[in-house]
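Report on the following structure.
Derivation of every value follows stated rules applied to the coordinates shown; laboratory data play no part. Note that the structure is predicted; figures quoted are calculated from it, not measured. Cβ coordinates were reconstructed from backbone atoms using ideal geometry, including for glycine residues, and neighbour counts include every protein chain displayed.
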Amino acid sequence: ISGNGSWGVALQRGASGNRVEGNYIGTDASGTAPLPNLSDGIRIDAEGTGNVVGGADPAARNVISGNEDDGVEIDGADAEGNVVQGNYIGVDVTGTAALGNLSAGVYVDGASGSAIGGAGDGEGNLISANGLDGITITDGATGTRVHGNWIGTDATGTLDLGNGQDGVDIGDDADGNVVGGTGDGEGNVIAFNAEEGVEVGGTGNAVLGNSLFGNGAVGIDLRNSAATAGPTPNDPGDGDDGPNRLQNFPEIDSATGDGADGLVVTYTVDTAPANAAYPLHVEFFLADADGDEGRTALGVDAVAEADAQTERQVLLVPDVPVADGDRIVATATDADGNTSEFSAAVAVALPGTAAAPAPAGGGLRLTAAPNPGADALTATVTVGAAVRSARVAAYDALGREVAQLHDGPLAAGAHALALDAAALPAGVYVVQVVTEAGATSRTLTVVR
């Protein structure tokens, strides 16, 4: 469907429930060279609802590339519940070469409840090499769900086919949209775009669980008209307002651990309860090479209103190796979906390196027995010299505290601390000790 004087495909005047599958729209018959339509590749407007462009089956994939305007435009407040899934938008049929649409890959203009991608196998789109944004969400668009896409990369998710402006741009008048998510498969890969990874206007626009790296500007930018482009500084108590309420980002004080069983992150989010909806959802990432964006998820924490603006420690048990000197960043999202920009990066310090504090008296050891065990377990903490403050706690695999064993000073020597595991489900737990002189942790398996 190529070489037409206007749109390639137009779903208008209430056209609903249609499926557009398995086409080359804007390319030649090989899918490797442009034969552009002179406007959008596909346009859905005027009360068009429940239409599906593409699908999870590879046979349903459209190649929507080379057009003179947007790849796909969904236009108008009455265009509801339309779905764009499993397509190649702005690249050739192989997914490895640029064949961009002149404007945006997908342009959502005032529509509601649009789904761009999905969490299931094959549902994500490849949206790359377009002249403007990968995805634009604007003019009152709401309820847009951007899940599981590759935006700015090739089909492998690793090579540079960046879009000409932002990966995702959410306009000042677009509220209540979601880029990524907390469920399996909902996060997007957003990389190599010429400007921001995600630029946010409006409020309640959540940016969660994505992998952002190699973008030309910051990974997440709250488009604050009172400031220049780029990072927006935190303010005391978070009383300022703007896109996503200018939610303050977490301020990371330190990240320490033993490099195997866990990573202890000390941080604060300076947001008063009057200025955000609690609880806050905090995400931690390994930073990209520039240290500006969160590339690899490490874990999450939840901040209750009772803990607002206080220093916190969270034990993360990453699924990926973390080395001394690696940098981590974090975001905070309030209960209304207002996500912050990324924090400043902080380097990880592991014991046994120059950056790590020396244990008091030359020794801090932790053992747990029996391991595996069932009900009555013992964690033994040995310190080489007295410490003023020692906190010993057990955490589940999601980093949630399940038991506190000790919180206070410890004299030099060995201290056997009881852990009642009778009520704990079977699984792997982490016992962690943090003192002013250092931190260490050990895994513990509970069996039934």
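The H on the amide N of Leu99, modeled in the peptide plane, is under 5 Å from the matching H of Val91, Asp92, each at least 5 residues off or on a different chain.
Each Lys and Arg adds +1 at its Cβ and each Asp and Glu adds -1 at its Cβ; summed about the Cα centre, the chain shows a dipole of about 1680 debye.
In region 60-166, if the dipole is taken from +1 on Lys/Arg beta carbons and -1 on Asp/Glu beta carbons about the Cα centre, which of Gly124, Gly81, Thr136 is farthest to the positive end? After comparing all options, I get Gly124. Peptides 4-13, 187-196, 424-433, ordered by how many other C-beta atoms sit within 10 Å of their residues on average, highest first, read 187-196, 424-433, 4-13. Shape call for region 223-331 from the C-alpha gyration tensor, a ≥ b ≥ c root eigenvalues: rounded (a/c under 1.5), prolate (a/b greater than b/c) or oblate? Here region 223-331 falls in the oblate category. In percent, rounded to a whole number, the relative contact order of the chain is 8, using alpha-carbon pairs under 8 Å and six or more apart. Projecting the Cα atoms of Val168, Gln247, Gln313 onto the charge dipole of the chain, computed from C-beta unit charges around the Cα centre, puts Gln313 farthest toward the positive end.
For the peptides 156-164, 436-444, residues were scored by their other Cβ atoms within 10 Å and the scores averaged per peptide; the highest-first order is 436-444, 156-164. Give me the dipole magnitude in Debye, nearest 20, for region 373-442 about the Cα centre, with unit charges on the beta carbon: positive for Lys and Arg, negative for Asp and Glu. Value, rounded to 20: 180 debye. Considering all different alpha carbon pairs of the chain, the Kirkwood hydrodynamic radius works out to 23.3 Å.
Please report the relative contact order for region 294-448, taking Cα pairs under 8 Å with a sequence separation of at least 6, and give it as a percent rounded to a whole number. Relative contact order, region 294-448: 21 percent. Most tightly packed first, judged by the mean number of other beta-carbon atoms within 10 Å of their residues, the peptides 43-54, 199-210 read 199-210, 43-54. Once the Cβ-Cβ distance of Thr158 and Ala77 is raised to the sixth power relative to R0 = 45 Å, the FRET efficiency obtained is 0.75. Each of Ala423, Leu212, Asn18 was placed along the dipole of the chain (beta-carbon charges, centred on the mean Cα), and the one lying farthest toward the positive end is Ala423. Here the label points at Asp307 and Asp235, each 7 Å from Cα along the C-beta direction, are separated by 2.7 nm in the simple model. Remark: region 1-102 carries a charge dipole of roughly 280 debye about the Cα centre, counting +1 on each Lys and Arg Cβ and -1 on each Asp and Glu Cβ.
Amide H to amide H distances under 5 Å link Glu293 with Asp288, where only residues 5 or more positions off or on other chains count and H is placed in the peptide plane. Note on region 383-435: Rg/Rh from Cα positions, Kirkwood definition for Rh, rounded to two decimals, is 1.02. Normalising the average separation of contacting C-alpha pairs (under 8 angstrom, six or more residues apart) by the number of residues puts the relative contact order of region 155-204 at 54 percent.
Note on Arg391 and Asp173: with the Förster distance fixed at 35 Å, the Cβ-Cβ geometry gives a FRET efficiency of about 0.15.
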